[in-house]
Structures are given as C-alpha cells and as structure tokens.
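For reference, the structure is listed below as structure tokens.
The values are calculated or read from the model by the stated rules, or taken from the named source; none is laboratory data. Everything quoted here is computed from the prediction, not taken from an experiment. For neighbour counting, all protein chains shown are included, and Cβ atoms are generated from backbone atoms with ideal geometry for every residue, glycine included.
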C-alpha cells in the first residue's frame with residue numbers, strides 16, 4: 001500500500017488531501033483509481049488508512065477510514081552525523097538510514113573530507129537530500145520524514161553534540177569499548193531508551209585524525225568500534241544505526 005506525507009492541515013478525521021508532485025505520482029505513476037486504499041501521514045503525530053474518493057489534476061481526495069498515531073517510529077532517536085563523502089554516497093546514507101530508522105542527518109566537514117564544499121550549490125543539494133529522505137520514508141512506511149540539515153564545520157558539530165543524551169564517534173583506532181558496550185552503559189545511566197537522543201558520528205574516507213579524536217572526547221563524545229573490520233564511510237553509519245536500534249529492541253532484539 002502506497003504511503004504519502006501531507007501537511008497537517010490536509011489530514012483531518014474525515015479526509016486526506018494530496019496535492020502537487022505526490023498527487024501526480026499517485027494518479028499517473030501508481031495509476032490510482034477511486035476505491036484504492038492508501039496510507040497518509042502528517043509527518044508528526046497522525047497517520048491514516050484512507051480510500052481514494054476523488055481524482056483531479058494535481059489533487060486527490062481520500063476518505064479517512066482509520067486515524068491513529070504513527071506505529072513505525074523508534075522510541076530511541078538516532079542522528080547520523082556523516083562527514084561529507086565522495087560522489088553520491090551521502091544520498092545512499094540518507095536513503096538507507098531513513099529506511100532503517102534514523103530521525104536526522106547532519107553532514108559535516110572534517111580535516112580529511114575530500115569533497116570540495118561549495119556554499120553556492122548548498123540549497124540545491126540540500127533540497128535533493130530532503131527529497132530522498134521523504135521518498136525513502138514513504139517507501140519504508142515511516143511515521144515522519146527525517147530531518148536533513150545543512151553541512152556543519154567540525155567545531156560546530158562538536159558544539160551540537162552536547163544536545164544528545166549519548167554521542168558516539170566511530171574510530172577505527174579505538175582499542176576500548178565496542179558500540180554495544182558503550183550504548184548499554186548509556187542506556188543504563190539514563191534508565192531506558194524511550195525518547196533517548198543518540199548521535200552517531202562517522203568520519204570521512206580517510207578516517208578521523210588523532211587531533212579530531214581528542215577534540216571529540218573533550219566534547220563528551222565516546223569513541224567506539226564497530227568490529228574488527230574496516231568499513232567504508234557509507235557503510236559505517238548503517239551498521240552503527242542498526243546496532244543501536246537492535247540493542248534498543250527496535251529490530252527484534
């Protein structure tokens with residue numbers, strides 16, 4: 001069953017109104033017909049199972065059959081902070097991270113980031129990333145679309161890390177705790193995972209420098225390992241995210 005996100009004012013107890021590109025997609029790509037069932041969400045606190053009642057150009061009205069709170073959102077809220085990778089790898093991180101259950105993505109620039117950051121292209125690229133997050137959220141039947149923020153400088157990211165209940169940075173040279181061990185300790189200290197905010201920081205293709213590792217620890221971030229194998233930058237975030245959600249009981253754990 002196809003799912004679409006609409007502004008809160010377009011989802012009432014009686015009907016859901018889908019407009020713009022989503023209406024075009026539903027009518028012309030999915031070839032919806034009156035009587036078809038769809039899912040609609042306001043991206044926040046409500047979602048509905050609805051039946052298509054009216055199809056017009058760039059506007060579809062569906063009758064709400066059942067309205068209820070979102071059921072697919074994890075109780076633990078994980079943000080992936082990803083050092084800007086080469087090519088279209090950031091798109092992969094956002095798409096797959098959204099499917100798995102991340103609630104927010106924060107790109108950042110670190111010492112070994114090889115991507116030439118161009119502020120002039122920022123708006124267009126951010127719009128594309130947000131669109132990818134929205135489409136992935138619809139495909140995965142998420143209850144909300146994850147936030148995708150504009151890239152931060154390393155120092156800015158470390159300042160923002162203090163807002164999380166627990167912040168971990170993946171460091172291949174870390175000889176200490178595995179992510180599972182550090183996460184269990186953080187959960188025990190907090191007394192549970194409900195509403196817990198976790199920041200998972202992933203470095204660039206060349207990894208973090210020793211100076212960045214020291215700065216991260218000074219900012220309260222915990223260095224962790226994801227295993228004995230060296231992962232690609234676009235893989236590390238997905239593995240870390242899945243581990244966090246599994247440990248929190250969100251993936252059958």
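Would you call residue 242 buried (at least 20 other Cβ atoms within 10 Å of the Cβ) and either in the same structural domain as residue 107 (by TED's automatic domain parsing) or more than 16 Å from residue 80 (Cα to Cα) (or both)?
Judged against the criteria, residue 242 is not a match.
Taking the options 233, 209, 193, name whichever one is within 19 Å of residue 86 (Cβ to Cβ) and buried (at least 18 other Cβ atoms within 10 Å of the Cβ).
Being within 19 Å of residue 86 (Cβ to Cβ) and buried (at least 18 other Cβ atoms within 10 Å of the Cβ) holds for just one of 233, 209, 193, which is 233.
Here is a check on your reading of the model: is residue 136 surrounded by 14 or more Cβ atoms within 10 Å (Cβ to Cβ) and either part of a loop (DSSP other than H, G, I, E, B) or not assigned by TED's automatic domain parsing to the domain that holds residue 239 (or both)?
No; evaluated as a whole, the condition is false for this residue.
Across the range 190-230, what is the total count of residues that are without any contact (Cβ under 8 Å) to a residue 60 or more places away in the chain and assigned to a loop (DSSP other than H, G, I, E, B)?
Looking only at that region, the number is 8.
Could you go through the range 88-95 and let me know if any residue there is in contact with a helix residue (DSSP H, G or I) (Cβ under 9 Å, 6 or more places away or on another chain) and part of a strand (DSSP E or B). Before the answer, list the steps.
The initial filter retains those residues of the range 88-95 that are in contact with a helix residue (DSSP H, G or I) (Cβ under 9 Å, 6 or more places away or on another chain), namely 89-95.
Checking the rest, the ones that are also part of a strand (DSSP E or B) come to none.
There is no residue in the range 88-95 that is in contact with a helix residue (DSSP H, G or I) (Cβ under 9 Å, 6 or more places away or on another chain) and part of a strand (DSSP E or B).
Could you tell me which residue of the range 162-173 is modelled with the highest pLDDT, considering only residues that are surrounded by fewer than 20 Cβ atoms within 10 Å (Cβ to Cβ) and closer than 25 Å to residue 231 by Cα?
172
Mind checking whether some residue in the range 61-70 is outside any strand (DSSP E or B) and either closer than 14 Å to residue 129 by Cβ or in contact with a strand residue (DSSP E or B) (Cβ under 9 Å, 6 or more places away or on another chain) (or both)?
yes
Please go through the range 91-125 and give me each residue that is in contact with a strand residue (DSSP E or B) (Cβ under 6 Å, 6 or more places away or on another chain), buried (at least 18 other Cβ atoms within 10 Å of the Cβ) and under 20 Å from residue 239 (Cβ atoms), ordered by number.
If the condition is that a residue be in contact with a strand residue (DSSP E or B) (Cβ under 6 Å, 6 or more places away or on another chain), buried (at least 18 other Cβ atoms within 10 Å of the Cβ) and under 20 Å from residue 239 (Cβ atoms), then 93, 94, 97, 102, 103, 105, 106, 107, 108, 110 are the ones that fit.
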